[in-house]
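Peer 1: I'd like to ask you about the structure that follows.
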Amino acid sequence: MPGLIGFYGRFPPNDPPQFLKDMARALEPDETLYQTDLYQQADIGLGRVSLGILNPEPQPLWNEDKSVALVMIGELYDTQDLRQELKKRGYQFRLNNDAELMLYLYQEFGDDFALKLNGAFAVAIWDEPSRTLRLVNDRLGLFPLYYAHGRKGFLFASGVRALLVDPDLPRCPDRLGMAQFLIFDHMLHDHTLLQDVKLFPQASILTFRDGQLDIRRYWDMRYPEEYQLRREEDLMEEAIHFLRQAVYREAARDDLPAGLLLSGGMDSRAILALLTEQETPLARPLQTFTWGIPGCDDARYAKELAKLRGVEHHFYELEPDYLLHTADNAVRLTDGLGNIINLHALATLDQEAERVKVIYKGFLGDAMFGFALRYQHWATYDPDTAIQAHFQVHEDQGVINYSWDEFDQLLTDNFQQEIGDGVMAEYRQGMLDSQATLLANQRLYFDMRQRVPRMTMNGVEVVRSRTAVRLPFADNDLLEFSMSVPPGLLQNRRLIHNAIIHAFPDLAKVPSTLTGLPMLSNFREIFTRSGNLLRWHLHKRGLSKYDGPVRRPYKDYNLWFRTVLRGWVEDTLLNDHALQRGYFQPDTVRRLVNEHMNGANYAGRIGALMTLELWHKQFMD
C-alpha cells in the first residue's frame, strides 16, 4: 500500500539510513511494484512509497534555498486558481505537480495553506530553520497516517507495520481498541491495536518540535442548528451539480486508463452516469468491474447498468475460498484494523489492476446522504436516553456484533477490568463531538468521523495497494453541500435517490440491490412487486419457501466459514496458542465456533476474531 514514512529523533543512532529503508520495506516489501523515495539527514528522515501513478516525480521536493522539504501521497483537485494566485505572487512552477503546489502554498500561507486544498492527501513537511516536522491531511483523512511519540522522538507512517521496525516501540495491546473492534467492527477515535500507536485525526495539523507534540484541527464538520427553507427540487439539482463537478474535477486530472467498481447500488451508478456523459473530461473509455457470487443481484444489475451506458464490463467470481489466499495480506495492508470479511475487494484486484491504473468508487455516498438515519433520531431525549437511542439504531442495522451479556462471556476478567466502561464512554463522546442538537446530525457526524475512517476506509486502502483510487463523493464542495441539507430529506436517502431518478432516468429503471426494485415506478416495478406478493401467498399455503423478495447476495461468509474455510477457521482460532493469549475465554470461543459450524450465523464475530489472531501471528509472535 502506498504511503509516507518518517522519523524525527534518534532511530537508531548507529544507522538511520538503514532504519528508514527498513520502514519503507515494512510498509511495502515488493520493490517490483513500488518506487521508494527516501531522505535522511542527522535526526530527520522522510520517505514516500508509491505506485508511481500519481505525482510520480521524485520526492522530497525542496524550496529554492533548501530550507523546506515536503513529501506527499495522494492528489489535489481544482487547483487552477491556486496556481494562478501563486504565479502572481512570483512563484515559478517547474514540475507543475501537486507536491510543488503544496510546497509553495505552505511557504506563502504557513499552516493556513491546508484550508485551501481540495483533494485526498497526506503530507509531511520538514522546516529546517525552525527544526519543525509537520503532518497534514485532507478533511476526511483519506490517506491514514499513524504515529508514535516516545523517549527517542517521533515516528510516523501510513501503516502501523512500518512503525514496528523500531525495536523499542512498546508492543502493549490496546484492549479498549480491540473491544471496540469486536463490538462495532471498527475502532473509535485514534485507537489501534497498540497502546503507543495512534491514528492521526482527520483535517489536522501535527507539529513536532523540541520534543513537543501538538495536534490541532484546521477544519471540522459542523451541521447547522437552523436550516434554510428550500424546495426539494432545487436541492436535487444542486446535489447532481456538485457530484458532477466532483467527478469532472477528478476525471480531468490525467489520461490514465480508468475503471469503476460498479454494484447495484445508487452511488456507483451515479458515478457511472457522470463518467459516461458526453461532456465528461475522461480521456479514455471507462471500464467497469463487479465481483461476487455468480448470479448475485449486484452482478445482474451492474451488467445491465454498464450495458445501458455502453461501457466494457468485467465480472469476477468471488471464490468461496479466496480468503485462504488473501487474508494474510489483507490483515497486513490494514494493520489488523479491518475485519477480513469486509476486504473482498482484494480478491480480484490483480485482474482489475492489469486493465486500469485508476479506480473510481462510490465510497462515502451512503454515509453523507443519510443511509443511517432512522425514526429514533426524530425525538428529543435526556442525555442517557439519547445514547441508548443511537445504540438501538446501530443494533437494528445489524452492525453490533454482540449483546453486552454475550460480550462479557467472551472477555477474560482481566480484559473486562482493564477496559471498564470505555467502549460506551467513547461511543457517547463520538456522538457529542458533533456539538449538534439533532440526533440525526449526531449520527451523520459519527459515521463521517468514526465509521467511515475506521471501517469503510479499509476497503479503499486495499485497492490502493495496486491502483490509484478516486472518491468523488469526498469532494469538499459536495461535502459542504451535504451538511446544508435538512436531515429529514436525507432519511431513507430520499434526496440522492430522487436526484438520480430525475437526472438519470435510464439508470433508475434498473433495480437497486437494496430493495430489488427499480428506483422509479414503472411496469418492471409492478411486475416485481406482483411476484413478491404471489410468493407471500404461496408461502402462507406452504407452497413456497420464500415469503417475499428473493435476494441473491454477492457473498456468503456464513456458509463459507462452515464449509470450504472450516478447517482454516478451526485451526486458527482453536489452537492452544490462540486460546491462551489471555483476551478471551477459551470455552466461549470454542462454543461460538461450534455453534456457527452447526448453523448459527456468526460470520462477523468469527471474521473479527480471525483478523485479530492473524495480526498477532504476523506482528506479535
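The values are calculated or read from the model by the stated rules, or taken from the named source; none is laboratory data. Since this is a predicted model, take the numbers as computed values, not measurements. Note that we place each Cβ from the backbone using ideal geometry, even for glycine, and neighbour counts take in every protein chain shown. Please note that ligands, DNA and RNA were not included when accessible areas were found on the heavy atoms of the full protein model with its side chains. Shrake-Rupley method; radii C 1.70, N 1.55, O 1.52, S 1.80 Å.
Peer 1: Identify all residues within the range 41-68 that are outside any loop (DSSP other than H, G, I, E, B) and open to solvent by less than 30 Å² (accessible area, probe 1.4 Å); write none if there are none.
Peer 2: I44, G45, L46, G47, R48, V49, S50, L61, V68
Peer 1: Taking into account only those residues within the range 484-503 that are open to solvent by less than 10 Å² (accessible area, probe 1.4 Å) and not β-branched (V, I, T), which is farthest from the chain's Cα centre (by Cα)?
Peer 2: The qualifying residue farthest from the chain's Cα centre (by Cα) is A499.
Peer 1: Okay, moving on. Quick one: would you say V485 is touching a strand residue (DSSP E or B) at 6+ places or on another chain (Cβ under 9 Å) and either of a type in the set (A, V, I, L, M, F, W, C) or modelled with pLDDT of 95 or more (or both)?
Peer 2: Criteria not met by V485.
Peer 1: So, E319, is that one outside any helix (DSSP H, G or I), at pLDDT below 95 and open to solvent by 10 Å² or more (accessible area, probe 1.4 Å) or not?
Peer 2: No.
Peer 1: A578 passes all but one of (1) touching a residue at least 40 places away in the same chain (Cβ under 8 Å); (2) in contact with a Ser or Thr (Cβ under 8 Å, 6 or more places away or on another chain); (3) open to solvent by less than 60 Å² (accessible area, probe 1.4 Å); which number fails?
Peer 2: (1)
Peer 1: Every residue in the range 400-438 that is among the polar types (S, T, N, Q) and in a loop (DSSP other than H, G, I, E, B), please.
Peer 2: Selection gives N401, S403, T412, S434, Q435, T437.
Peer 1: At pLDDT 95 or above, open to solvent by less than 20 Å² (accessible area, probe 1.4 Å), not hydroxyl-bearing (S, T, Y) and not in a strand (DSSP E or B): does that describe A24?
Peer 2: Spelling it out, A24 is indeed at pLDDT 95 or above, open to solvent by less than 20 Å² (accessible area, probe 1.4 Å), not hydroxyl-bearing (S, T, Y) and not in a strand (DSSP E or B).
Peer 1: Here is a follow-up. Consider the range 428-464. How many of its residues are aromatic (F, W, Y) and surrounded by fewer than 22 Cβ atoms within 10 Å (Cβ to Cβ)?
Peer 2: Count: 0.
Peer 1: Something else now. I need every pair where a residue in the range 220-246 that is more than 26 Å from E279 (Cα to Cα) has its Cβ under 6 Å from the Cβ of a residue that is open to solvent by less than 60 Å² (accessible area, probe 1.4 Å) and part of a loop (DSSP other than H, G, I, E, B), sequence separation at least 6 or different chains.
Peer 2: Taking only residues 6 or more apart or on different chains, the pairs are Y223/A436; Y227/P486.
Peer 1: Here is a check on your reading of the model: is N558 within 30 Å of R244 (Cβ to Cβ) and either among the aliphatic types (A, V, I, L, M) or open to solvent by less than 70 Å² (accessible area, probe 1.4 Å) (or both)?
Peer 2: When the stated conditions are applied, N558 does not pass them.
Peer 1: If you don't mind, another one. Restricting attention to the range 530-543, does a residue exist that is free of Cβ contacts under 8 Å to residues at least 40 places away in the same chain, open to solvent by 70 Å² or more (accessible area, probe 1.4 Å), touching a helix residue (DSSP H, G or I) at 6+ places or on another chain (Cβ under 9 Å) and farther than 25 Å from L274 by Cβ?
Peer 2: yes
Peer 1: Just one of A114, A99, A162 is farther than 30 Å from A251 by Cα, in contact with a strand residue (DSSP E or B) (Cβ under 6 Å, 6 or more places away or on another chain) and buried (at least 18 other Cβ atoms within 10 Å of the Cβ); which is it?
Peer 2: A162
Peer 1: Considering the range 408-427 alone, what residues qualify as being touching a residue at least 24 places away in the same chain (Cβ under 8 Å) and either buried (at least 17 other Cβ atoms within 10 Å of the Cβ) or of a type in the set (S, T, N, Q) (or both)?
Peer 2: Once the filter is applied, which keeps residues that are touching a residue at least 24 places away in the same chain (Cβ under 8 Å) and either buried (at least 17 other Cβ atoms within 10 Å of the Cβ) or of a type in the set (S, T, N, Q) (or both), the range 408-427 yields Q409, L410, L411, T412, N414, F415, I419, V423, E426, Y427.
Peer 1: Please note which helices (runs of 4 or more DSSP H) are completely contained in the range 517-600 and include at least 1 residues that are farther than 30 Å from Y322 by Cβ and in contact with a strand residue (DSSP E or B) (Cβ under 8 Å, 6 or more places away or on another chain).
Peer 2: 523-540
Peer 1: Output yes when any residue across the range 81-92 is within 32 Å of the chain's Cα centre (by Cα), open to solvent by 10 Å² or more (accessible area, probe 1.4 Å) and of a type in the set (F, W, Y), and no when none is.
Peer 2: Scanning the range 81-92, I find no residue that is within 32 Å of the chain's Cα centre (by Cα), open to solvent by 10 Å² or more (accessible area, probe 1.4 Å) and of a type in the set (F, W, Y), so the answer is no.
Peer 1: Same structure again: In the range 199-218, what residues are surrounded by fewer than 17 Cβ atoms within 10 Å (Cβ to Cβ) and either among the hydroxyl-bearing types (S, T, Y) or touching a residue at least 60 places away in the same chain (Cβ under 8 Å) (or both)?
Peer 2: R209, D210, L213, Y218
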